[in-house]
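The values are calculated or read from the model by the stated rules, or taken from the named source; none is laboratory data. Source: prediction; values computed, not measured. All Cβ positions, even for glycine, are placed from backbone atoms using ideal geometry, and neighbour counts span all protein chains on display.
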Amino acid sequence: MNRRKFLSSSLKGIATLPFTNLIEAKEERIEKRNEERIIISGAGDVTLGFNFPYMFNKISELNGVDNAYEYPFLNVRNVFENSDLSLVNLEGALTNSDKIRPKKFNFKGDPSYARCLNEGNIDIVNLANNHFMDYSEEGALETIGSLNSHNVKYCGGGTNENDSSSLKVINRKGINVGFLGFAQVGRYPPAGKSSAGTNPFDNNLWDKIENSKDNCDILVVSCHWGIERNSYPEKYQIRDARKFIDSGADIVFGHHPHVIQGIEKYNGGIIFYSLGNFIFGGNSFPSDRDSFIAQVECSKNKVESYNIIPVITHPSSMVFQPYIPLPENQDKITDKIKMRSM
């Protein structure tokens, strides 16, 4: 059978679309193919200081320094590797400074520990918290220098007022994702015109959010707030989180309570009130070690869906290496989040 006769006979009995409909169908397929989607992942408090150097040095002695840098994120790095963008709250300085600020707890780790973030596929960190300035301006500036040298972006803190409050934009698959960080807890010392500090939670933040949304497709707000160890957000957090969304934010990642809180879908956005601890060297073995990685799927200008990956933060005392537990323990964490959600 020649090719022409074969093609003709193969179409017999098959309903065909008019030519114009075929064009429309093709255009629809192209449009769907071009509508890229990305995954943005967020996790909680990462403190590469206080007790953390003890673990790092032990791993370094046993298995070598390269393994020590890989170790903290080893069991979860594939989650971030398979994401398009990943953010954590970096709670503490990466510095050799001894200019300690007088307070109850001060967290610092070696500047080289920023490499741990590289090994974990972390793209950006929030610095708007109550430990970024633990070692004064000198420690803050060295932290930023370390992040820059390891190509890790940051928001919510900076070398000056403009740097700490500015929108940080990262493009993935043609989608511009903007990040802002605010410190409701740890707002002092705020950044000045020529001094390092945090981006405070003040009356100007609503304008910052509205203006920032004009300069990105998806806007992520990271906020340090709430009361430590409280299972539920305060009323003001609920009010402000919803106002974040109404002002232009698409995703809100909260932290500070050191425990997980609920999730709320609101007005097209998604709010994670507290992501809990993650790699938290500030506590050797807390009583509550449940946490999760939040994953949000976004199209060009819209939150499409979200997913949570339950994790346990500490396998044992003085080991800061979150891992994904067995299914039955995942269910316990998922049930806890549901119970605490709106």
Residue that is modelled with pLDDT under 95 and not hydroxyl-bearing (Ser, Thr, Tyr), where the choices are Arg239, Arg229, Arg187: Arg187
Within region 100-110, does at least one residue satisfy the condition of being modelled with pLDDT of 95 or more, of a type in the set (Lys, Arg), within 17 Å of the chain's Cα centre (by Cα) and not in a strand (DSSP E or B)? no
Tell me, yes or no, whether region 203-210 has at least one residue that is at positive phi and not in a helix (DSSP H, G or I). no
Of all the residues that make up region 72-105, how many are of a type in the set (S, T, N, Q), touching a helix residue (DSSP H, G or I) at 6+ places or on another chain (Cβ under 9 Å) and under 23 Å from His258 (Cβ atoms)? 2
Quick one: in region 212-237, of everything that is touching a residue at least 60 places away in the same chain (Cβ under 8 Å) and either among the aromatic types (Phe, Trp, Tyr) or outside any loop (DSSP other than H, G, I, E, B) (or both), which residue is nearest to Arg172 (Cα to Cα)? Ile218
Residue that is of a type in the set (S, T, N, Q) and touching a strand residue (DSSP E or B) at 6+ places or on another chain (Cβ under 8 Å), where the choices are Asn230, Asn215: Asn215
Which one of the conditions (1) under 17 Å from the mean Cα position of the chain (by Cα); (2) in a loop (DSSP other than H, G, I, E, B) does Lys193 fail to meet, given that it meets all the rest? (1)
With respect to Pro310, is the statement that it is in a strand (DSSP E or B), under 17 Å from the mean Cα position of the chain (by Cα), free of Cβ contacts under 8 Å to residues at least 60 places away in the same chain and under 30 Å from Asn51 (Cβ atoms) true? yes
Given the condition among the acidic types (Asp, Glu), at pLDDT 95 or above, within 21 Å of Thr143 (Cα to Cα) and surrounded by 16 or more Cβ atoms within 10 Å (Cβ to Cβ), answer yes or no: does some residue in region 58-66 qualify? no
Spot the failing condition for Arg115; the list is (1) under 17 Å from Gly92 (Cβ atoms); (2) surrounded by fewer than 19 Cβ atoms within 10 Å (Cβ to Cβ); (3) basic (Lys, Arg), and only one is missed. (2)
Going by the structure shown, is Ser291 part of a strand (DSSP E or B), among the hydroxyl-bearing types (Ser, Thr, Tyr) and buried (at least 20 other Cβ atoms within 10 Å of the Cβ)? yes
Name the one entry in His255, His314 that is in contact with an Asp or Glu (Cβ under 6 Å, 6 or more places away or on another chain) and farther than 30 Å from Glu35 by Cα. His255
Flagged in region 121-159 as surrounded by fewer than 24 Cβ atoms within 10 Å (Cβ to Cβ), farther than 22 Å from Gly178 by Cβ and either under 14 Å from the mean Cα position of the chain (by Cα) or not hydrophobic (A, V, I, L, M, F, W, C) (or both), in numbering order, are Asn130, Ser136, Glu137, Glu138, Glu142, Gly145, Ser146, Ser149
Can you pull out every residue in region 236-282 that is among the polar types (S, T, N, Q) and crowded, with 20+ Cβ neighbours inside 10 Å? Gln237, Gln261, Ser274, Asn277
Inside region 313-337, can you point out the residues that are in contact (Cβ under 8 Å) with a residue 24 or more places away in the chain, in a helix (DSSP H, G or I) and surrounded by fewer than 17 Cβ atoms within 10 Å (Cβ to Cβ)? Lys332, Thr334
Among (1) in contact with a Pro (Cβ under 9 Å, 6 or more places away or on another chain); (2) surrounded by 24 or more Cβ atoms within 10 Å (Cβ to Cβ), which single condition is Gln184 missing? (2)
In region 45-99, the residues that are in a helix (DSSP H, G or I) and touching a strand residue (DSSP E or B) at 6+ places or on another chain (Cβ under 9 Å): Phe52, Pro53, Phe56, Pro72, Phe73, Val79, Phe80
